[in-house]
């Protein structure tokens, strides 16, 4: 049954991507609307695939790397759709879908080794993990938007305007979308981290307050707050702020990989 | 039902003839009314733009004679020699009219391929004719479909996306930076023809605030009164450059008017918000070094001309896509037309069978004299029911036929086999 939903998810995301690309190239409104509908369908199927897998393994999705990556992809899709609806802008879909698909496919490529049970559990812990992953998804989205901004801005400055250029969102809209995404990430990472401390505090025995992951998260938080503030200032608004946003996300990726694998005692995947 | 079109355009008539055959809004209504009251046409619509004058109509008699009558009427209306006019006129009928109109509203028949204005002109002509009771079921359907084709072509192809004029290319670029310009401000330097084109483009895009500056303040004032806008003092750049998001300069100068340090200071005072500059003057009005400043986008006349050239060839490559959309809608319209005709054919066939039933009963009256009036009514009822039952099957099969050409062939076969020419709808 899980397999069926995985196939539906892949097909829906792929078809949605194709239609978003068609919308970007030709501006076909019907294709754009259908792309959004298929994205919703993909999200629903993806959710059911995650749910059935969790039931099968008797564990939450973020218990192992495979589930964590798949959940990240799902939350990225949710964040993107919210942004698409809020800003009424579809052209970005063609760039975001490949990232979602990449996470979804990669989750099947990573080894499916059962992880040792985590000491932390419960609703507060689940909220801590889910909100943190949602924050990272929002930061990933702001990175994609910033990259589009930088590319479009570069085309404009060197006066090389390709076919798709005329369909891309305006630079200022991309900036606004990126800021909305970062704001969402900041709110969720703040609440998620606070809940993390609370969850640790409730742990019996030696609570682990001094994990390097915390320092990294605080650094990420500070850098994104800085981006949020700087993006409206004289010296930084525009391309510089977008470059900072991309740099911040590189740190987030480092936090996922190097810090989690080599330094953190208590964080595995996120 | 026959749709007819008589008209001329930039391909068939020189401007001297076109301007003589153009219709004002009042003349269009007058001609439309006269054509209907004279019985030349049943439904009428006049489409008149600077590049074309066309009269669309539906002929009450289903013949092509109305085209000749329409040509005669046009020469009388515009007081032109029939010979002179006939050389420039084209006549189209039925499906050719549909195809022609769809191509017109798609911008495929425009002098500037894919221009957007024609769709608005078709819409205005249609609304005017509709308000003047010139249109009926056929032209309503035809023009609604034409507007849909125009919208689809602009939404689904690149034909209308890419700007074709220097001024509109500049505006499109500004939109790529700021989005809609209705909450933005622009400063136009100069009051010549190019500045006028730019101001007109800015007004079309509902620019939020428009500032104008010119060496001659009177000319700028005159400009501002015509288009709306605020006149700024020439030379007071420190204050003037703080305000706008878009600066367009098209004045005659020997040295750049807007230097790099000037724009640098302006950028600092406006918090480095993005600034789009269009230099449409020769020699250049804006120092090239301005392009290096952070968050400024400088486009010269050469840059914009190059974009327009690229767009022209890109638009040309979109023609097959637009034509495919036109053909799709022509097919839909013909299908609708055929379904209307199908209903007409079936109604005529029913009428014919009922009249044959009446004459058959009259012919056999001696045999049914012994029946009471009630029995005769019953018998007529039974025969009518039989007619309906006989018609149900073929009608359903005709309606269900998916292949359009086969449907038409079937309708034609019924006409030929069962109906006289008088009864053909």
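The values are calculated or read from the model by the stated rules, or taken from the named source; none is laboratory data. Model, not experiment: these values are computed from the prediction. Virtual Cβ from ideal backbone geometry, glycine too; neighbours counted across all protein chains shown.
The condition of being within 22 Å of the chain's Cα centre (by Cα), outside any loop (DSSP other than H, G, I, E, B) and at pLDDT below 90 holds for residue B:58. Beta carbons closer than 6 Å, at least 6 apart along the sequence or on distinct chains, pair a first residue in region B:149-163 that is without any contact (Cβ under 8 Å) to a residue 60 or more places away in the chain with a second that is not in a helix (DSSP H, G or I) for B:154/B:160; B:155/A:27; B:160/B:114; B:160/B:116.
For region A:63-78, state whether one or more residues are without any contact (Cβ under 8 Å) to a residue 12 or more places away in the chain and either closer than 30 Å to residue B:321 by Cβ or not in a helix (DSSP H, G or I) (or both).
no
Only one entry of B:53, B:105, B:110 meets the criterion of being touching a helix residue (DSSP H, G or I) at 6+ places or on another chain (Cβ under 8 Å), under 30 Å from residue B:312 (Cα atoms) and assigned to a loop (DSSP other than H, G, I, E, B), and that entry is B:110.
Out of curiosity, is residue B:229 under 25 Å from residue B:175 (Cβ atoms), without any contact (Cβ under 8 Å) to a residue 12 or more places away in the chain and assigned by TED's automatic domain parsing to the domain that holds residue B:173?
Judged against the criteria, residue B:229 is not a match.
Restricted to region B:126-225, the set of helices (runs of 4 or more DSSP H) holding at least 2 residues that are within 14 Å of another protein chain (Cβ to nearest Cβ) and buried (at least 18 other Cβ atoms within 10 Å of the Cβ) comprises B:137-156, B:166-178.
Can you tell me which residues in region B:271-280 are in a loop (DSSP other than H, G, I, E, B) and at negative phi?
Step one: of region B:271-280, the residues in a loop (DSSP other than H, G, I, E, B) are B:271-274, B:280.
Within region B:271-280, B:273, B:274, B:280 qualify.
Once region B:262-295 is narrowed to residues that are within 10 Å of another protein chain (Cβ to nearest Cβ) and in contact with a helix residue (DSSP H, G or I) (Cβ under 6 Å, 6 or more places away or on another chain), the residue that is farthest from residue B:171 (Cα to Cα) is B:274. Go through (1) without any contact (Cβ under 8 Å) to a residue 60 or more places away in the chain; (2) in contact with a strand residue (DSSP E or B) (Cβ under 7 Å, 6 or more places away or on another chain) for residue B:70 and report which single condition fails. Among (1) without any contact (Cβ under 8 Å) to a residue 60 or more places away in the chain; (2) in contact with a strand residue (DSSP E or B) (Cβ under 7 Å, 6 or more places away or on another chain), the lone unmet condition for residue B:70 is (1). For region A:219-250, the tally of residues that are part of a helix (DSSP H, G or I), without any contact (Cβ under 8 Å) to a residue 24 or more places away in the chain and over 18 Å from the mean Cα position of the chain (by Cα) stands at 5.
Assessment of region A:173-182 against the conditions (modelled with pLDDT under 95, within 14 Å of chain B (Cβ to nearest Cβ), surrounded by fewer than 22 Cβ atoms within 10 Å (Cβ to Cβ) and not in a helix (DSSP H, G or I)) yields no matching residue. Residue count for region A:41-62 satisfying the condition of being over 17 Å from residue A:110 (Cβ atoms) and without any contact (Cβ under 8 Å) to a residue 12 or more places away in the chain: 4. Taking region B:25-34 as the range and being touching a residue at least 60 places away in the same chain (Cβ under 8 Å) and surrounded by 14 or more Cβ atoms within 10 Å (Cβ to Cβ) as the test, the residues that pass are B:28, B:29, B:32, B:33.
Any chance region A:38-57 includes a residue that's closer than 29 Å to residue A:162 by Cα, assigned to a helix (DSSP H, G or I) and not assigned by TED's automatic domain parsing to the domain that holds residue A:149? Walk me through how you get there before you give the answer.
At the first step, the residues of region A:38-57 found to be closer than 29 Å to residue A:162 by Cα are A:38-39.
Next, only the ones that are assigned to a helix (DSSP H, G or I) stay: A:38-39.
After this cut, where a residue has to be not assigned by TED's automatic domain parsing to the domain that holds residue A:149 as well, the list is A:38-39.
Looking through region A:38-57, at least one residue is closer than 29 Å to residue A:162 by Cα, assigned to a helix (DSSP H, G or I) and not assigned by TED's automatic domain parsing to the domain that holds residue A:149.
Scanning region A:153-170 for residues that are part of a helix (DSSP H, G or I) and free of Cβ contacts under 8 Å to residues at least 40 places away in the same chain turns up A:154, A:155, A:156, A:157, A:158, A:165, A:166. Which of the residues spanning region A:132-161 are in contact with a helix residue (DSSP H, G or I) (Cβ under 7 Å, 6 or more places away or on another chain), surrounded by fewer than 24 Cβ atoms within 10 Å (Cβ to Cβ) and within 14 Å of chain B (Cβ to nearest Cβ)? The answer is A:148, A:150, A:152, A:153, A:155, A:156, A:159, A:161.
Of all residues in region A:16-33, which are assigned to a helix (DSSP H, G or I) and surrounded by 18 or more Cβ atoms within 10 Å (Cβ to Cβ)? Hits for region A:16-33 are A:16, A:17, A:19, A:20, A:21, A:22, A:23, A:24, A:26, A:31, A:32. Give the residues of region B:281-302 that are assigned to a helix (DSSP H, G or I) and either out of contact with any strand residue (DSSP E or B) (no Cβ under 9 Å at 6 or more places or on another chain) or at pLDDT 90 or above (or both), sorted by residue number. Listed by number, the residues that qualify are B:288, B:289, B:290, B:291, B:292, B:302.
Looking for whichever is without any contact (Cβ under 8 Å) to a residue 40 or more places away in the chain and in contact with a strand residue (DSSP E or B) (Cβ under 9 Å, 6 or more places away or on another chain) here; the options are B:48, B:37, B:22. Which one fits?
Numbers: B:48 fails: without any contact (Cβ under 8 Å) to a residue 40 or more places away in the chain; B:37 fails: in contact with a strand residue (DSSP E or B) (Cβ under 9 Å, 6 or more places away or on another chain).
Exactly one residue qualifies, and that residue is B:22.
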